[in-house]
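J.: Quick one: this structure, given as structure tokens, is what I'll be asking you about.
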Amino acid sequence: MYKLIFLFIIALLTSCDPNSNTITGEVVSVADGDTFTMKTITNEKIKVRLYGIDAPERGQDFGTKSRQLLNDLCYGKLVEVTVEDIDQYDRTLGTVYVDGINVNEEMVRNGLAWYYSHFVDNPRLDSLEQIARSEKLNIWSKKNPMSPFEFRKKKKE
């Protein structure tokens, strides 16, 4: 009980600090393997896109499995998001932590997201992707996996 009260106070303080680049809240829905909606202590709903990664889309190989992992890691849990930017769709781009785990890294480590090197320079994500590739985990078990970027582009055509 005391731990829950402590977490509530921390969440309240961080969600109210205008100078903080960290927001805290509960994940209330998971859209896919790199996007979810969270609700802050002040009941503000914020759509969050995991910074530096790109997960398979719905209808794409491993799209459901990627979404399921993000759901298992975050849904209904208190998360802390280090805000990096806001994207063109008004989503908060951030690095997500839950129970001390870097969720962005966990998605790449499990071979269920690409490191988005086109937009981000992150040697850690790059290394995790290379390991997942060498171990042929999930998306890397396919001979020529199609990136979500290519999948979206093809779908538009």
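J.: Quick check on my filter: what residues within region 30-41 are in contact (Cβ under 8 Å) with a residue 24 or more places away in the chain and either assigned to a strand (DSSP E or B) or closer than 26 Å to Pro148 by Cβ (or both)? First the steps, then the outcome.
T.: Filtering region 30-41 for residues in contact (Cβ under 8 Å) with a residue 24 or more places away in the chain gives 30-36, 38, 40-41.
Residues satisfying the conditions are Val30, Ala31, Asp32, Gly33, Asp34, Thr35, Phe36, Met38, Thr40.
J.: On the given criteria, is Asp99 of a type outside the set (A, V, I, L, M), surrounded by fewer than 22 Cβ atoms within 10 Å (Cβ to Cβ) and in contact (Cβ under 8 Å) with a residue 12 or more places away in the chain? First the steps, then the outcome.
T.: Values: of a type outside the set (A, V, I, L, M): yes; surrounded by fewer than 22 Cβ atoms within 10 Å (Cβ to Cβ): yes; in contact (Cβ under 8 Å) with a residue 12 or more places away in the chain: yes.
Yes.
J.: Also, quick follow-up: Only one of Asn43, Asn19 is of a type outside the set (Lys, Arg), out of contact with any strand residue (DSSP E or B) (no Cβ under 8 Å at 6 or more places or on another chain), at pLDDT 95 or above and over 27 Å from Val108 (Cβ atoms); which?
T.: Numbers: Asn19 fails: at pLDDT 95 or above.
After applying the criteria, what remains is Asn43.
J.: Filter region 102-138 down to residues that are farther than 24 Å from Val79 by Cα and modelled with pLDDT under 95 and give me whichever is surrounded by the most Cβ atoms within 10 Å (Cβ to Cβ).
T.: Filtering region 102-138 down to residues farther than 24 Å from Val79 by Cα leaves 117-118, 127, 130-138.
Now restrict to residues that are modelled with pLDDT under 95: 117-118.
Working: Ser117: 13, His118: 9.
Restricting to residues being farther than 24 Å from Val79 by Cα and modelled with pLDDT under 95, the top hit is Ser117.
J.: Val79 fails exactly one of the following numbered conditions: (1) surrounded by fewer than 14 Cβ atoms within 10 Å (Cβ to Cβ); (2) in contact with a Phe, Trp or Tyr (Cβ under 7 Å, 6 or more places away or on another chain). What is the number of that condition?
T.: Only one criterion in (1) surrounded by fewer than 14 Cβ atoms within 10 Å (Cβ to Cβ); (2) in contact with a Phe, Trp or Tyr (Cβ under 7 Å, 6 or more places away or on another chain) is unmet by Val79, namely (1).
J.: Looking at region 26-76 only, could you name the residues that are surrounded by fewer than 22 Cβ atoms within 10 Å (Cβ to Cβ) and of a type in the set (Gly, Ala, Ser)?
T.: Ser29, Ala31, Gly59, Gly63, Gly76, listed by residue number.
J.: A follow-up question, please. Which one of the conditions (1) over 19 Å from Ala31 (Cα atoms); (2) small (Gly, Ala, Ser); (3) surrounded by fewer than 18 Cβ atoms within 10 Å (Cβ to Cβ) does Ser147 fail to meet, given that it meets all the rest?
T.: (1)
The values are calculated or read from the model by the stated rules, or taken from the named source; none is laboratory data. What you are looking at is a predicted structure, and each value in this text was computed from that prediction instead of being measured. Glycine also receives a Cβ, built like all others from the backbone with ideal geometry; neighbour counts cover every protein chain displayed.
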